Amino acid sequence: MKIKNIILTKIFDSRGEPTLEVTLIAYDGTRGVAQVPSGKSRGSNEASVVPFDHAKRALAGFMPIMRRMNFASPMVFDKFLIARDATPDKHRLGGNLMLGLSFAFARAMAAEKKQELWELLEEYYFSTKSMASRPARPMIFSNLINGGVHAATNLAIQEYIAVAKPIGTPTEMVASVIELYREVGNAVRRRTKLRRLPLGDEGGYAIDFQSNIVPLEIIAASIKKLRFDNTFSLAIDAAASEFFKNNKYYFEDKQLSSAELAEVYGSYFHRIPSLMSVEDPCSENDAKGFGLVHARLSDAWIIGDDLTVTNADRIARYIDDGLITGVIIKPNQIGTLSETCEAIATAQKRGARVIVSHRSGETEDTAIIHIAKACAADAVKIGAPAHERLSKFNEYIRIFS
Ligand code: 2PG
Ligand code: MG
């Protein structure tokens, strides 16, 4: 595909942070548009994010060369971007610019071939993989109560997640998530004098609680009340890098070692039987802690996010070392579509779980749902069914129905 023009627009994400929209126009006039999200609890090894003006200058610098080229595939295009940048953290072009370009290119190519984005991704990145043993449809991880840096409250744990299993039609599944979200809202409201509940960055309820286990108890009770026991499980994202300082975890007025924190998780899994998954239980600088949690919770999904940052090498290392059993996949942590798909393939080859995830700063872009379909991911993590997050739920319904 030959590129005629690329338009960069400064837009704002759901956190009000400036971000990029890329419109790529191919020679035959087909277009691909992509919007880049932003994270607040960022891993320190994520791809660089550059300001809009930097991205504009960087793009102008290689636009003439790019116009002279004919890119045969998304891989060839991404390789070109990676070579132009030539830095380990993508600070020359910016991981945000590269991701926007990478996705806009794939979208334009899909449009040219009259394909859905997921069909193109499947064809180029996942066609050789055996789909037989993969789930037909991903679970939905929906973050109903927000804490950590996503809410101005006393919870150390960042995300309290209802996990909807792929039972019934996609529409029924999403309707159940919405029903549960409302029921949890009623239960949370009963604990406050507030008529309108404050929401965190991902649309989950955001108030103070007596302890970090209470939100789990509330969601579990709501699941029971609605008789959703067979269709929902629970998960947490501790995002523990955010409360780790001087080798200690600052948790509910205590300073815990990794082993003590692993015991806390152990008690949660014991008290909440439907709890199935914990993400970033320890800091990105405490890989050993992940091993302790894994040893303590042998049946749980132990998921890396800040630890693995969608980087194939890190993913391979931490799975092979037995520290994690699954990974969060966030395209903007690594900066191109091709590297995102390589990270997924690396995890899947090792039998690890794959959860394709949004960021706390989101846009209307729905590419992550297409990635999840193309690779037959175990789950998508898309926040609460509210506001801008609904575009992901609706795209889930559209492409999985
Ligand atoms: C996470 C994400 C998304 P952020 O930690 O998993 O839920 O948050 O985008 O702030 O890194
Ligand atoms: Mg996380």
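The values are calculated or read from the model by the stated rules, or taken from the named source; none is laboratory data. These numbers were taken from a predicted model, which means no experiment stands behind them. Cβ sites come from the backbone with ideal geometry, for glycine too, and all protein chains shown count toward neighbours. We work out accessible area using only protein heavy atoms, side chains counted, and drop any ligands, DNA or RNA first. Shrake-Rupley method; radii C 1.70, N 1.55, O 1.52, S 1.80 Å.
Things worth noting here:
- Exclusive hit being at pLDDT 95 or above and in contact with an Asp or Glu (Cβ under 8 Å, 6 or more places away or on another chain), set Glu112, Glu119, Glu123: Glu112
- For the stretch 343-362, the candidate set comprises residues that are open to solvent by less than 10 Å² (accessible area, probe 1.4 Å) and in a loop (DSSP other than H, G, I, E, B); within that set, the residue that is farthest from ligand 2 (Cβ to nearest atom) is Ala352.
- Among the residues of the stretch 53-61, none qualifies, meaning not one is more than 28 Å from Glu159 (Cβ to Cβ), out of contact with any Phe, Trp or Tyr (no Cβ under 8 Å at 6 or more places or on another chain) and not in a helix (DSSP H, G or I).
- Residue in the stretch 367-380 that is within 15 Å of the chain's Cα centre (by Cα), open to solvent by less than 10 Å² (accessible area, probe 1.4 Å) and under 26 Å from Pro198 (Cβ atoms) present: yes
- In the stretch 247-266 there is at least one residue matching the filter, namely being away from ligand 2 (no atom under 14 Å from the Cβ), part of a loop (DSSP other than H, G, I, E, B), free of Cβ contacts under 8 Å to residues at least 40 places away in the same chain and not charged (D, E, K, R).
- Considering residues of the stretch 135-154 that are more than 14 Å from ligand 1 (Cβ to nearest atom), part of a loop (DSSP other than H, G, I, E, B) and in contact (Cβ under 8 Å) with a residue 60 or more places away in the chain only, the residue nearest to Ile368 (Cα to Cα): Pro138
- One residue from Glu217, Glu202, Glu242, Glu172 being in contact with a Gly (Cβ under 9 Å, 6 or more places away or on another chain), charged (D, E, K, R) and open to solvent by 60 Å² or more (accessible area, probe 1.4 Å): Glu242
- Condition check for Leu292: more than 19 Å from the chain's Cα centre (by Cα), away from ligand 1 (no atom under 16 Å from the Cβ) and surrounded by fewer than 24 Cβ atoms within 10 Å (Cβ to Cβ): yes
- Filter result for the condition that a residue is away from ligand 2 (no atom under 15 Å from the Cβ) and under 12 Å from the mean Cα position of the chain (by Cα), over Thr340, Thr325, Thr310, Thr336: Thr340
- Pair list, Cβ under 7 Å, 6 or more apart: the stretch 223-244 residue on the phi < 0 side of the Ramachandran plot, other residue open to solvent by 40 Å² or more (accessible area, probe 1.4 Å) and of a type in the set (Phe, Trp, Tyr): Phe243/Tyr250
- Cβ separations smaller than 6 Å between residues 6+ apart or across chains give the following pairs from the stretch 27-46 residues that are within 19 Å of Gly94 (Cα to Cα) to residues that are away from ligand 2 (no atom under 12 Å from the Cβ) and of a type in the set (Val, Ile, Thr): Val33/Thr23; Ala34/Val22; Gln35/Thr363; Val36/Thr19; Pro37/Thr363; Ser38/Thr19.
- Hey, Ala316 under 27 Å from Glu242 (Cα atoms), in contact with a helix residue (DSSP H, G or I) (Cβ under 8 Å, 6 or more places away or on another chain) and surrounded by fewer than 24 Cβ atoms within 10 Å (Cβ to Cβ) or not: yes
- Every residue from the stretch 267-277 that is in a strand (DSSP E or B) and open to solvent by less than 30 Å² (accessible area, probe 1.4 Å): Leu275, Ser277
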